[in-house]
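The values are calculated or read from the model by the stated rules, or taken from the named source; none is laboratory data. Everything numeric here is computed off the predicted structure, so don't read it as measured data. Here the Cβ is made from the backbone with ideal geometry for all residues, glycine too, and neighbour counts use every protein chain on show. In case anyone asks, the SASA skips ligands and DNA or RNA and just uses the protein heavy atoms, side chains included. Shrake-Rupley method; radii C 1.70, N 1.55, O 1.52, S 1.80 Å.
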Amino acid sequence: MEVLDKDVAGDITSGGHLSYWLEDAVHNVYSGRLNQNIHADVVIVGGGLAGITVAYCLSKSGKRVAVIEDGYIGSGETGRTTAQLVTALDDRYSDLEKIYGEADTKLIAESHMAAINLVEEICLKEKIDCDFRRVNGYLFLHPSDDKDELKKECFAATRAGIKVQDLDSIPGMLHSTEPCLEFPDQAQFHPIKYLEGLCEIITQHDGKIFTLTHAHEIDHTGITTNEGFRVNANHVVVATNSPVNNLAAMHLKQTSFRTYVVAGLVKKNALPYSLWWDTGDHHSDKNFPPYHYVRLAPYNKGYDLLISGGEDHPTGDIRAGEKNEEIRYKNLEDWTLLHFPVEQVLYHWSGQVIEPTDSLAFIGRNPLDKENVYIVTGDSGTGMTHGTIAGMLIPDLIKGRKNPYEAIYRPSRVTLKSGNMFF
């Protein structure tokens, strides 16, 4: 296995700024570029968390897998996340109930709990050292939001089976006298170290991981690269954030948002390892209120790294009079310094979030395609758990096993606000 020299790596990320995760990681090229025709049981396009988790779960069950990634493992959106594993979803449970009803909202909550449990189980079983830890999460009101929203969310989350309780103030935040909701049993990790651990297991099970290899053509028989080499496969999984094999059906059901991250130093033990989220700026966008999301990561002996995200907007929607990238970073930095004891900001990066119109990822068979073609898209800001759910769901579909989450994540679904789903 060849290791990428970061000094000559070139572009190891899809964005203009290198994230902490990508700077901190060793970048392996694994099988290198595909340079011959091969056959696999399953070919997976995309080397982010969703694609690699699907590949890991399939390879552990005896399937021959081939992963095709046109950059490096995690060089797309997985390397640009803040890597929170949550059951406190971006889309409130009170809103999910209106769309899906109580019974399916419970299934949604259960699937995210199962995803966190699976990541923990894999880390323990495979001895993957990726800084996984369980933490509490704290949801608090943005000043623009209705003061009853926390109470509504507490009731709805409880009905969905999520542990939650009221607190009088927000642990760890400066000058906090506002109430919040505490969500125990959330989690966090280093996403690239986690993927590296999964990739090692995949290759041990004779799986192939081809980096720097672009899937130019994708159909139900496999993929063809830019150089004309083929991976013929019985099943095809496209896990590329926005599905590159679906030209219309899925793109009309979701919207891309740009989100921004700053990360800076806080003294060791100055803050509890936790997750923090506000409920979003409803003055900015009532339909998709941009919110702040914050966590800690271990950095060195004297400092932790506080990672703070927010300032979301529709991708490319920078009209006259709106905020450019530099101002968004500055606003996010100002907000972070106001609420947390950050001594020095070291990193800036951004990512792209795919937001479905009905708030839930699309995981399963690709609409209007052959039965053996699958997609993963629509992370809705919770890509680490949605990607892990894909690792539970798609292998079951491939092996013909029933999965309790198949219907709610079906890409062909159509939803109405009444909570009924049509297929």
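Scoring V164 on the criteria (1) over 30 Å from G48 (Cβ atoms); (2) among the β-branched types (V, I, T); (3) open to solvent by less than 50 Å² (accessible area, probe 1.4 Å) leaves a single failure, condition (1). Screening V353 against (1) open to solvent by 10 Å² or more (accessible area, probe 1.4 Å); (2) modelled with pLDDT of 95 or more; (3) among the aliphatic types (A, V, I, L, M); (4) closer than 23 Å to H17 by Cβ leaves a single unmet condition, (2). With respect to being without any contact (Cβ under 8 Å) to a residue 40 or more places away in the chain, at positive phi and more than 21 Å from the chain's Cα centre (by Cα), G228 fits the description.
For every residue, the table says whether it meets (1) closer than 21 Å to P395 by Cα; (2) touching a strand residue (DSSP E or B) at 6+ places or on another chain (Cβ under 6 Å); (3) open to solvent by less than 20 Å² (accessible area, probe 1.4 Å); (4) modelled with pLDDT of 95 or more.
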residue: S19; (1), (2), (3), (4): no, yes, yes, no
residue: E23; (1), (2), (3), (4): no, no, no, no
residue: N37; (1), (2), (3), (4): no, yes, no, yes
residue: V43; (1), (2), (3), (4): yes, yes, yes, yes
residue: G47; (1), (2), (3), (4): yes, yes, yes, yes
residue: S59; (1), (2), (3), (4): yes, yes, yes, yes
residue: G79; (1), (2), (3), (4): no, no, yes, no
residue: T87; (1), (2), (3), (4): no, no, yes, yes
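Among the residues of the range 387-423, those identified as of a type outside the set (D, E), modelled with pLDDT of 95 or more and open to solvent by 10 Å² or more (accessible area, probe 1.4 Å) are M392, L397, I398, K399, G400, R401, K402, N403, P404, Y405, A407, R410.
Residue count for the range 329-379 satisfying the condition of being under 24 Å from the mean Cα position of the chain (by Cα) and part of a helix (DSSP H, G or I): 6. Note on the range 100-136: among residues that are aliphatic (A, V, I, L, M) and open to solvent by less than 10 Å² (accessible area, probe 1.4 Å), the one that is farthest from P298 (Cα to Cα) is I108. Filtered by the rule that a residue be assigned to a loop (DSSP other than H, G, I, E, B) and either under 21 Å from the mean Cα position of the chain (by Cα) or not basic (K, R) (or both), the range 86-130 gives V86, T87, A88, L89, D90, D91, R92, I128, D129, C130. Once the range 304-327 is narrowed to residues that are within 18 Å of G280 (Cβ to Cβ) and open to solvent by less than 20 Å² (accessible area, probe 1.4 Å), the residue that is modelled with the lowest pLDDT is H313. Checked against (1) farther than 26 Å from I354 by Cβ; (2) assigned to a loop (DSSP other than H, G, I, E, B), I201 passes all but a single condition, namely (2). Is it fair to say D206 is open to solvent by 10 Å² or more (accessible area, probe 1.4 Å), within 30 Å of E153 (Cβ to Cβ) and either in a helix (DSSP H, G or I) or touching a residue at least 24 places away in the same chain (Cβ under 8 Å) (or both)? Here the answer is no, as D206 does not meet what is asked. Would you mind stating whether I307 is in a strand (DSSP E or B), under 28 Å from L58 (Cβ atoms) and in contact (Cβ under 8 Å) with a residue 24 or more places away in the chain? Spelling it out, it is not the case that I307 is in a strand (DSSP E or B), under 28 Å from L58 (Cβ atoms) and in contact (Cβ under 8 Å) with a residue 24 or more places away in the chain. With a requirement of 1 or more residues that are of a type in the set (S, T, Y), the strands (runs of 3 or more DSSP E) lying completely within the range 212-282 that satisfy it span 222-225, 254-267, 274-278.
The residue of the range 260-298 that is nearest to N331 (Cα to Cα), among those that are crowded, with 16+ Cβ neighbours inside 10 Å and acidic (D, E), is D281. Being among the aromatic types (F, W, Y), assigned to a helix (DSSP H, G or I) and closer than 29 Å to P272 by Cβ holds for only one residue in F183, F155, and it is F155.
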